[in-house]
Every structure is written in C-alpha cells, then in structure tokens.
Ligand code: NDP
C-alpha cells in the first residue's frame, strides 16, 4: 500500500483525504515512479478544494507534478533508477497525480531530471517555475534583451511570479513586481525585483492605452490586470500571459495591439511539447540561482497538503510549497 491524497465526489459531496492506496489500482501507463517530492500549485489548490472543476475523474489523486525515481519501465526511453520530472499532461486532473508516494504514467510525459537539481529542487521549481521559464523564453524569442526597459511581473509573491523575478533578475533585466502584499517587498527584492508596485494600480478597469512603461510583461493574474499590463506596454513590446489569479476574463481593447504593435503570447505548460519542456528545464538549470530558489521554498508533509491547498487559493502562501510525500 502507498500513501496519497484521494479526492472523491459522490452523494455526500466533494472531499479530499489522506488515504492508503493499493498499487494494483494505479492507472494504465508504461512507467512506474517512486515519487520523492511533489508540490502545491494554484491548480492543485483548485483541485483539492473543488473550487474549480479541475478534477474530471473520481476517485482522483491530485498533484499536477512530481519528481522521483523510475521503479519499472516498459518505455524505451526510461529504465529503473532514472530520475524524472513530470509536469502537466492532465496528471492530477484526468490521470492519477503526484500527491502520493507512487505514480504510473506514460513515459512520453516524463523529462529527465537535470543534473543541476535534486528531486526536491525540481519540485521547488515545479510547474509554476517551469511555466515562469516558458514565459521568459517567449519574451526572449520576441527579442527582448536586458537593458531594453522594465519587465513587469504580476502576482509577484506567487510561485510563477517568484521564479520569473529570480530568473529575469539573474539575466540582468530590470524587474518591477506587482503585488497585493507590499509587506513582502523585502522578499521580492531578495529575489531580484528592482521596484514594487501595488496590485491595486493594475487591478481595476483602466483605459485602452496608458503610459508606455513595460518592455515586457509576465502576467499570472489575468482579468483587468492583464488588460492594464497590455495598455501600459511599450511600442512593439510583449506580454506573456499564463494565469488567472484575478480572473479568467480579459476585459481589454485592441488598442495596444493595433496602435502599438504589442504582442500577447499565451503560455500553456500542460500540453507543451517535449522540446519546449527540455529547453525550459535546461534554462532553469542555468539561470535560476539555487540560493534564491531556496529562499522562496517552504516544505510541508503530505498530510498537510489539504490544509495548505486552501491557503494557496487565498493568496496566503509566498513562493513555492514542496511536499515531502514520504513524510
Ligand atoms: P500562486 O497561488 O502561487 O500565486 C498567485 C499569486 O497571484 C498570489 O501569490 C498573489 O500574488 C496573486 N493573486 C492572488 N489572488 C489575486 C487576485 N485576486 N488578484 C490579483 N492577484 C492575485 O499561483 P502560481 O504562481 O502557481 O500560479 C499563478 C497563476 O498561473 C495561476 O492562475 C495558475 O493557475 C496559473 N498557471 C498557469 C499555468 C499554465 O500552464 N498556463 C501553469 C502554472 C500556473 P501577490 O500576493 O504578490 O499579489
């Protein structure tokens, strides 16, 4: 038997509990993994609390990511003993996920653990950090370079925001962090933010075009914040949108796009193809300072994940939460 968080939905309601699970119940897949570390991402918070219909099959083990060691493989790319990372692919939504001691998945979904990282560090980065890197890569492909102007990061204290700040600052960009928790300014500056602005400056309905300030944007928040970020982006600047912490709506005008040539990049980590994943993890190994990663990481035991999931959604958790599934 192995320990895992199990979500059930039936006549008595929607509930998550810590359970003892028979390995014979593991889903189809050609690779079995002994999980060492998982994480709590925003989406895991939604899944565990049931606040949004993230889970589409029951019972479900949540956890959209994990890092661990292959114990059995029928996949040509993997053998027992390989250290692997999984992000997305519907794991924790339609296929049993990472908040457990074991997982069985398709070998096509796995990426090798970069030599630079332990499995704990990989999950300190997690899907949030890998998504932050996908955002940075989109801005780089657009042609942004350090010294080219300020980069706005919204939802700065969150997992995506924290990693985006740390990576962009290490690369030499001038990062402005937008947060609803200005009391965390010292933390954000430790990560590398050059300046802090209040979330409220961007969160309310704004004008179609504002003063040109941002060379680029990493937005984790959506809604009016994303609209205002686009309205404040400089001529031919770029915005990478990956999140919806404020809302899924996008109450914007086309003005920034047709009058300033602003480009809006959509960032999806879940179904991203393998080359994009490999590129992101390789760049994380190069461009994320391990000391800054440690500064943003908070560790919990598997049994604490249900309680902390609610705090993630309330925006009370700073940086990243790693889950020791064997504790
Ligand atoms: P976290 O919960 O760690 O961080 C979200 C942050 O957003 C909070 O820390 C807070 O930052 C800010 N925030 C929270 N509520 C609001 C609000 N009502 N209005 C404005 N800002 C708010 O989440 P993650 O960093 O893990 O994820 C961020 C977003 O990115 C989520 O929406 C998530 O679903 C999405 N995501 C998307 C992925 C993709 O593939 N597209 C992959 C990973 C994440 P502060 O206190 O500093 O203001």
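The values are calculated or read from the model by the stated rules, or taken from the named source; none is laboratory data. For clarity, every value in this text was computed on a predicted model and none was experimentally measured. Positions of Cβ are backbone-derived with ideal geometry, glycine not excepted, and every protein chain shown enters the neighbour counts.
Condition first: assigned to a helix (DSSP H, G or I) and over 18 Å from residue 237 (Cβ atoms). Now tell me which residues in the range 170-180 satisfy that.
Matches in the range 170-180: 170 only.
Could you figure out which of (1) away from the ligand (no atom under 11 Å from the Cβ); (2) under 17 Å from residue 265 (Cβ atoms); (3) touching a strand residue (DSSP E or B) at 6+ places or on another chain (Cβ under 7 Å) isn't true of residue 141?
(3)
Report yes if residue 226 is modelled with pLDDT of 95 or more, within 14 Å of the ligand (Cβ to nearest atom), in a strand (DSSP E or B) and at negative phi, otherwise no.
no
Residue under question is residue 172, and the condition is that it be surrounded by fewer than 18 Cβ atoms within 10 Å (Cβ to Cβ), modelled with pLDDT under 95 and over 19 Å from residue 246 (Cβ atoms); does it hold?
Spelling it out, it is not the case that residue 172 is surrounded by fewer than 18 Cβ atoms within 10 Å (Cβ to Cβ), modelled with pLDDT under 95 and over 19 Å from residue 246 (Cβ atoms).
Looking at (1) part of a helix (DSSP H, G or I); (2) more than 10 Å from the ligand (Cβ to nearest atom); (3) touching a strand residue (DSSP E or B) at 6+ places or on another chain (Cβ under 9 Å), which one does residue 167 not meet, given that it meets all the others?
(3)
Any chance the range 258-279 includes a residue that's more than 19 Å from the chain's Cα centre (by Cα), more than 9 Å from the ligand (Cβ to nearest atom) and part of a helix (DSSP H, G or I)?
Yes, some residue in the range 258-279 is more than 19 Å from the chain's Cα centre (by Cα), more than 9 Å from the ligand (Cβ to nearest atom) and part of a helix (DSSP H, G or I).
Of everything in the range 285-325, what is more than 17 Å from the chain's Cα centre (by Cα) and either within 10 Å of the ligand (Cβ to nearest atom) or not in a helix (DSSP H, G or I) (or both)? Give them in sequence order.
Those that are more than 17 Å from the chain's Cα centre (by Cα) and either within 10 Å of the ligand (Cβ to nearest atom) or not in a helix (DSSP H, G or I) (or both): 289, 300, 301, 324, 325.
Among the listed residues 242, 234, identify the single one that is buried (at least 20 other Cβ atoms within 10 Å of the Cβ) and not assigned by TED's automatic domain parsing to the domain that holds residue 90.
Exactly one of 242, 234 is buried (at least 20 other Cβ atoms within 10 Å of the Cβ) and not assigned by TED's automatic domain parsing to the domain that holds residue 90, namely 242.
Quick check: anything in the range 244-255 out of contact with any helix residue (DSSP H, G or I) (no Cβ under 6 Å at 6 or more places or on another chain), more than 27 Å from residue 45 (Cα to Cα) and in a helix (DSSP H, G or I)?
yes
Between a residue in the range 130-154 that is without any contact (Cβ under 8 Å) to a residue 40 or more places away in the chain and any residue that is more than 16 Å from the ligand (Cβ to nearest atom), which pairs come within a Cβ distance under 6 Å, given they are 6 or more apart or on different chains?
If the second residue must be more than 16 Å from the ligand (Cβ to nearest atom), the pairs left are 146/171; 146/172; 146/173.
Within the range 193-205, which residues are more than 9 Å from the ligand (Cβ to nearest atom) and either modelled with pLDDT under 95 or crowded, with 21+ Cβ neighbours inside 10 Å (or both)?
Within the range 193-205, 193 is the sole residue that qualifies.
For the range 67-90, which residues satisfy the criterion of being farther than 19 Å from residue 275 by Cα and in a strand (DSSP E or B)?
68, 69, 70, 71, 72, 73
Take the range 125-155 and flag every residue that is assigned to a loop (DSSP other than H, G, I, E, B) and surrounded by fewer than 24 Cβ atoms within 10 Å (Cβ to Cβ).
Selection gives 143, 144, 145, 146, 147, 148, 149.
Rundown of residues vs (1) in contact with a helix residue (DSSP H, G or I) (Cβ under 9 Å, 6 or more places away or on another chain); (2) at pLDDT below 95; (3) within 16 Å of the ligand (Cβ to nearest atom), yes/no style:
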position: 92; (1), (2), (3): yes, no, yes
position: 96; (1), (2), (3): yes, no, no
position: 106; (1), (2), (3): no, no, no
position: 111; (1), (2), (3): yes, no, yes
position: 114; (1), (2), (3): yes, no, no
position: 124; (1), (2), (3): yes, no, yes
position: 132; (1), (2), (3): yes, no, yes
position: 136; (1), (2), (3): yes, no, yes
